Amino acid sequence: MEKLAIDGGTPVRTKGPIVETDYYTDEELESVIAVMKSARIRRGTVTNEFEKTIAEKLNVKHAIAVTSGTTTLHIALAAFGIGPGDEVIVSPYTFVASDSCVLEQNAIPIFADVDPVTLTLDPADVERKITKRTKAIIPVSITGLPDNIEPIMDLAKKHNLYVLEDAAQSVGAKYRGRYEGKYVGTVGHVGSFSTVTGKILSTGEGGFVVTNDDDLYEKMWGFMDFGRKKSLGGASKYHWNLPITNYRITEFQSAVGIHQIKRLDFLNKKRIENAHYLSEKLKGIPGVTLPPEVPYGERVFFYYVIRLDPEVLGSDMLNFSIALASEGTYNLNYLSTTRMMIPQHLEPVFVNKAGYGGTKCPFECPLYEGKVEYYKGLCPVAEKACDEVLWLASVHPLLEKQDLDDIANAVRKVALNFIDKKEKGIAIDYTTDEIRAKL
Ligand SMILES: Cc1ncc(COP(=O)(O)O)c(C=O)c1O
């Protein structure tokens, strides 16, 4: 057996770890130059065109381009009228933005557990968490996998709740069944997307919401632009009919976004091909489970994630990623980001109920009639997933076959070495204080 690089062997790859990269062409470049030459950089006709392109592609009535996939979530909750005392059901297996948006409206995130295979909200647990204070559900189609949306929409209808689909990682994925052919993010009352660097579509920073509801559209628009009314134009006076802010995107980002949206199918095709290639190369490795497909939708791939079985491999995910990093394919700097998830309900803000202005508001607030605690054991399925699911690599279109081969070879080498060590009773501990400090 080939010796691991971390044990003094030769690394699989020496030309540097594989990193996320955006895919742009000369078209993006030229359109950015055109914006610069026009000297009209603030939100205007290019952004209107971007929104039209999004709405046409995703087959929805309205789209609004916003500063990020975080502020998109905020304008949606604001438009729903979510406020103090309200509860919103959220996923614990996601990026912080999917639940912190609830706090932005002084409401309470209530975590429901996820399905152990898909890592998207488990409708049965969502149902258990509904109270008379619940106002909305935020399903997250994590890594590009469609949510189990039908039972969630049924629950929403039964209990009169809004559904905000956080589709930041899954633009282009589609549903099957009752919503056959509809894009993920277009079935709930509002769908939210991110175009931050590294996502399937990139404008550097940015995001957009989509909806078929005229009223929600007007409200989101107003919240995004100082309470203005879209119908009265960008220079109209402010209308303070709800607390508002400024989440306007620039024409630069929209100019890039137009080309990105037009290229969406191509970008996803490349990502799916890369993911399938990896799956082919990785199949059959003991202790390593490959990304799932689901019967209720057609997935895309933002990230390629694998599940590691600590029993079979004789060690945990942290040691596995340190060994992978030594093989030259995994960037250890990713440890501190979403690449190694922390269940959201165990973030200090929740465990400590750290609220605004040094208070425990909104968690403990006279307007909140419920009682909420966040603790280990609240969402056991998500907690276990956070220990075992490794965000192995972005599968962006610019990856070459050699990159994919290197990733697969490194995973196979580390897994087989770990199993060998386990059989021989050799303990594995590559962690250091410096590495733990990154977590
Ligand atoms: C699931 C999810 N929701 C929301 C966001 C927030 O998007 P942004 O970084 O554009 O604010 C991200 C990613 O960054 C995400 O992965």
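The values are calculated or read from the model by the stated rules, or taken from the named source; none is laboratory data. A quick note: this is a predicted structure, and the numbers were derived from the prediction, not measured. Cβ: placed from backbone, ideal geometry, glycine included. Neighbour counts: every protein chain shown.
Residues in the range 137-156 that are under 11 Å from HIS189 (Cα atoms) and more than 16 Å from the ligand (Cβ to nearest atom) were compared, and the one that is surrounded by the fewest Cβ atoms within 10 Å (Cβ to Cβ) is MET153. Summed over the range 200-218, residues that are part of a loop (DSSP other than H, G, I, E, B) and within 16 Å of the ligand (Cβ to nearest atom) total 7. Evaluating THR10 against the criteria (1) in a loop (DSSP other than H, G, I, E, B); (2) touching a residue at least 60 places away in the same chain (Cβ under 8 Å) leaves one unmet condition, (2). Of the residues making up the range 38-72, those that are of a type outside the set (A, V, I, L, M, F, W, C) and closer than 26 Å to VAL96 by Cβ are THR67, SER68, GLY69, THR70, THR71, THR72. Mind checking whether some residue in the range 326-336 is free of Cβ contacts under 8 Å to residues at least 60 places away in the same chain, within 16 Å of the ligand (Cβ to nearest atom) and outside the structural domain of PRO84 (by TED's automatic domain parsing)? Checked the range 326-336: at least one residue is free of Cβ contacts under 8 Å to residues at least 60 places away in the same chain, within 16 Å of the ligand (Cβ to nearest atom) and outside the structural domain of PRO84 (by TED's automatic domain parsing). Taking the conditions exactly as written (more than 23 Å from the chain's Cα centre (by Cα), of a type outside the set (A, V, I, L, M), part of a helix (DSSP H, G or I) and not assigned by TED's automatic domain parsing to the domain that holds LYS132), does LYS371 satisfy them or not? Answer is no for this residue.
I'd like to know if the range 162-177 contains one or more residues that are assigned to a helix (DSSP H, G or I) and either outside the structural domain of LEU398 (by TED's automatic domain parsing) or farther than 17 Å from TYR93 by Cα (or both). Checking the range 162-177: at least one residue is assigned to a helix (DSSP H, G or I) and either outside the structural domain of LEU398 (by TED's automatic domain parsing) or farther than 17 Å from TYR93 by Cα (or both).
In summary, THR118 fulfils each of the numbered conditions (1) away from the ligand (no atom under 13 Å from the Cβ); (2) over 26 Å from LEU390 (Cα atoms); (3) polar (S, T, N, Q) with the single exception of condition (2).
Working carefully through the options PHE50, PHE111, find the one that is among the aromatic types (Phe, Trp, Tyr), in the same structural domain as THR211 (by TED's automatic domain parsing), at pLDDT 95 or above and under 14 Å from GLN253 (Cβ atoms).
The match here is PHE50.
What are the residues in the range 180-199 that are within 11 Å of the ligand (Cβ to nearest atom) and of a type in the set (Ser, Thr, Tyr), if any? Of everything in the range 180-199, those that are within 11 Å of the ligand (Cβ to nearest atom) and of a type in the set (Ser, Thr, Tyr) turn out to be SER192, SER194, THR195, THR197. Filtering the range 226-277 to residues that are aromatic (Phe, Trp, Tyr), under 18 Å from GLU205 (Cβ atoms) and either at pLDDT below 95 or part of a helix (DSSP H, G or I) (or both) leaves only PHE252. Considering the range 41-77, the residues that are small (Gly, Ala, Ser) and surrounded by fewer than 24 Cβ atoms within 10 Å (Cβ to Cβ) include one that is farthest from the ligand (Cβ to nearest atom), namely GLY44. Considering only the range 374-389, state which residues are outside any helix (DSSP H, G or I) and among the basic types (Lys, Arg). The one that is outside any helix (DSSP H, G or I) and among the basic types (Lys, Arg): LYS376.
Once the range 310-354 is narrowed to residues that are at pLDDT below 90, assigned to a loop (DSSP other than H, G, I, E, B) and among the aliphatic types (A, V, I, L, M), the residue that is farthest from ASP405 (Cα to Cα) is ILE342.
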